[in-house]
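One structure below.
The values are calculated or read from the model by the stated rules, or taken from the named source; none is laboratory data. No experiment lies behind these values; they were computed from the predicted model shown. Cβ sites come from the backbone with ideal geometry, for glycine too, and all protein chains shown count toward neighbours.
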Amino acid sequence: MRNNTPPQSPYRNLEEEIIEAEDGEVIYFDDEEQALAAGSDDEDADDANDAQYEEMNLEDIEGMLGQRIPERDDAKITFREHSSAVFSCHLHPTENIAVTGGEDDKAFVWNAETGEVISKIEGHKDTVISVAFSPDGNYLATGDMAGEIQVFKVAQNYKKVWEFSMGDMCWMKWHMAANVLLAGSEVGDIYVWRIPSGDCKILPGNGNRCETAELANDGKKLFVGYGDGCVKLWDIKNTSALVEVRPNEPISHSECVSGVSCDPERNLYMSGSEDGKIMLVSNSGPVAILDPEAGPVEVVAFCPDTELRVAASGTLRGQIAIWDIAKQSIRATCEHSESDNGVTTLKWLPDQTLVCGTILGNVIAFDGRSGTRKYELQGHGAEVYDMCYDRAKGLLLCASEDSTAKIFQINH
């Protein structure tokens, strides 16, 4: 599911239809000719279809559409310009502007209050899996699975100021304190560019997919997970690995690392893997293995509130666990009744609130101390792939498989 383009929809628009006549001659019709040729037969078919739809229940309709129909829509704004799954989203740090990227090979910049399109970003030839404004808001970066990266100047009406082709890309993100862009590749190399000059350094890979990464709080180190289960803590400036935990060691992963997180205050790092285990790592090496016993771990996240030393994990089987880091044990399991509602993404909000995007499209909030369910945001009909939160405005932006992005108002 992560960073993979979903299968093409079985529903497609045919530009022409091939019909074999009684004498064996092949006849081609375009859309307009088909409509004229069909005539009254189409009207009869429409009547029959209407009667059929009236007999269909909600489950039948959901099955036909390939997505769930939510009971309600809690979104403040729904953006519908994408023609297929939306994989990535971000909010401008100061302006009421959102950006989304999707399987339609496009990114859209739009007004976060009205949903009006501000700029349509084209030039990509594959699914746009990462979009992000720089921390100062001056630049917008968009990147696709094929490794085509574009950077635009926001104040110059999104004029392109830099681009690069890196080969298949897995992730892309801005440094939190400088106009430095980082991206991980299919062969494991990590590119670090200064924008807009394009000055580059590379953290070399070993042929295994660079699956996921997160910057340490000091901005000097990068914690990285790879497709073979390896994790590394990189010194960005010196392009050297401070820590490397190889697969199948006594404390290590044996399968693809799907999520990583960095403690906001201490030199401690967390990785979750498809092997169903969570590993804690320090600047000196691996510390411990935590086993949620709930299947493949999709995502992990340290709580940014340093007074509450906890972290969260989510699995594709639907377990959401709150971990006591000091005790290296589960503090609470979130009250999540739908066992088949797998977790796709996690984000910590103010007041120690944990929000979780799910396979069914719900966004569920929990108390990060007790695991108690606080509220649920409905509106999406399929997987939530990405979330971005604006603390000042209390806005949560979500991107989904259902071809929409939604903004929810959250008051804390």
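Is it true that I289 is under 16 Å from G225 (Cα atoms), without any contact (Cβ under 8 Å) to a residue 60 or more places away in the chain and either part of a strand (DSSP E or B) or under 21 Å from the mean Cα position of the chain (by Cα) (or both)?
Working: under 16 Å from G225 (Cα atoms): yes; without any contact (Cβ under 8 Å) to a residue 60 or more places away in the chain: yes; either part of a strand (DSSP E or B) or under 21 Å from the mean Cα position of the chain (by Cα) (or both): yes.
Yes: the conditions hold for I289.
Quick one: count up the residues across the range 348-380 that are in a strand (DSSP E or B) and closer than 23 Å to R68 by Cα. Walk me through how you get there before you give the answer.
Step one: of the range 348-380, the residues in a strand (DSSP E or B) are 348-349, 353-358, 363-367, 373-377.
Remaining after also requiring closer than 23 Å to R68 by Cα: 355-358, 363-366, 373-377.
Within the range 348-380, residues that are in a strand (DSSP E or B) and closer than 23 Å to R68 by Cα number 13.
Quick check on this structure: which one of S329, S282 is under 20 Å from V224 (Cβ atoms) and more than 21 Å from the chain's Cα centre (by Cα)?
Within the list S329, S282, the selection yields S282.
Search the range 139-158 for residues being in a strand (DSSP E or B) and of a type in the set (F, W, Y), and hand back the single one that is farthest from E95 (Cα to Cα).
F152
Only one of V161, V187 is assigned to a strand (DSSP E or B) and at pLDDT 95 or above. Can you tell me which?
Just one listed residue meets the conditions, V161.
Scan G259, G276, G219, G295 and give me the residue that is of a type in the set (G, A, S) and part of a strand (DSSP E or B). Explain how you work it out, then say what you get.
Working: G276 fails: part of a strand (DSSP E or B); G219 fails: part of a strand (DSSP E or B); G295 fails: part of a strand (DSSP E or B).
On inspection, the qualifying residue turns out to be G259.
Taking the condition more than 14 Å from the chain's Cα centre (by Cα) and over 13 Å from C89 (Cβ atoms), does A365 pass? Steps first, answer last, please.
Numbers: more than 14 Å from the chain's Cα centre (by Cα): yes; over 13 Å from C89 (Cβ atoms): yes.
Against the criterion (more than 14 Å from the chain's Cα centre (by Cα) and over 13 Å from C89 (Cβ atoms)), A365 qualifies.
Surrounded by fewer than 17 Cβ atoms within 10 Å (Cβ to Cβ) and among the acidic types (D, E) - does that describe any residue in the range 281-296?
Yes, the range 281-296 contains at least one residue that is surrounded by fewer than 17 Cβ atoms within 10 Å (Cβ to Cβ) and among the acidic types (D, E).
Return only the number of the condition from (1) touching a strand residue (DSSP E or B) at 6+ places or on another chain (Cβ under 8 Å); (2) in a loop (DSSP other than H, G, I, E, B) that E307 does not satisfy.
Unmet condition: (1).
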